[in-house]
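The values are calculated or read from the model by the stated rules, or taken from the named source; none is laboratory data. The structure presented is a predicted model; accordingly, all values stated were derived computationally and were not measured. Heads up, the Cβs are rebuilt from the backbone with ideal geometry, glycines too, and the neighbour counts pull from every protein chain shown. Ligands, DNA and RNA are stripped out before the accessible areas are found, and what is left, the full protein with its side chains, is counted by its heavy atoms. Shrake-Rupley method; radii C 1.70, N 1.55, O 1.52, S 1.80 Å.
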Amino acid sequence: FVFLNSSLTHGPGPGPLHGDVPNGATYLARSPGGTTTWDNIAFVNCRMDARVAPAGWAGLGVNNQPAPNPVTPTAVSGWREYGTTDLAGNPLNLATRVGGFQLSAGDVAAGFATRALVFAAYNNGAGWDPQP
């Protein structure tokens, strides 16, 4: 999964609290904990509100979650993030994240800067440039 230039927000929902999520109560991803699944996700230039926990990822030791697969993320595999801001556009301190990989500007330019780059390998390398 790649979230490119997205906003993670919340709105009213059903129930007595109307679906409200307390600050710091949700994570960007968590793993099923098996070796037959791969936990590959990237958040690139996304805006997030305070409901996302400062740790970001619910990995091994966080909230009793299993380790992701791969355990050690890289620029091409695992839990990845770059350029995250709050909803007002102020950069978040990604040093508080636990278990993810902080992509560099070069990593983003090489594979995540546009939809076309994200889908470059689609259809045996023919690529795809999906439009909103």
Exercise. Run the accessible area of the chain with a 1.4 Å probe and give the carbon-and-sulfur part as a rounded percent.
Key: 57
Quiz item: Could you give me the ³J(HN,Hα) list for segment 48-59, computed from phi with Karplus coefficients 6.51, -1.76, 1.60 and θ = phi - 60°, whole Hz, x at Gly and Pro?
Solution: 9, 8, 6, 5, 6, 4, x, 5, x, 10, 8, x
Quiz prompt | Filtered chymotrypsin sites (Phe, Trp or Tyr not before Pro), segment 1-92: DSSP coil and at most 12 other beta carbons within 10 Å | solution = 1
Quiz item: In what order, largest first, do 20, 39 sit by accessible area if the probe radius is 1.4 Å?
Solution: 20, 39
Practice problem: Scan around residue 49 for amide H atoms under 5 Å from its own, H built in the peptide plane at 1.01 Å from N, and keep only partners 5 or more places away or cross-chain. | Solution: 8
Self-check item: Whole-number D in µm²/s for the chain (Stokes-Einstein; Kirkwood sum over Cα pairs; 4 °C, 1.567 mPa s)
Solution: 82
Quiz prompt | Residues in segment 16-35 that a label on residue 86 would reach, taking backbone N under 14 Å of a point 7 Å out along Cα→Cβ | solution = 23-24
Practice problem: Counting only heavy atoms of the protein chains, get the accessible area per residue of segment 1-131 (1.4 Å probe) and round it to a whole Å² value. | Solution: 59
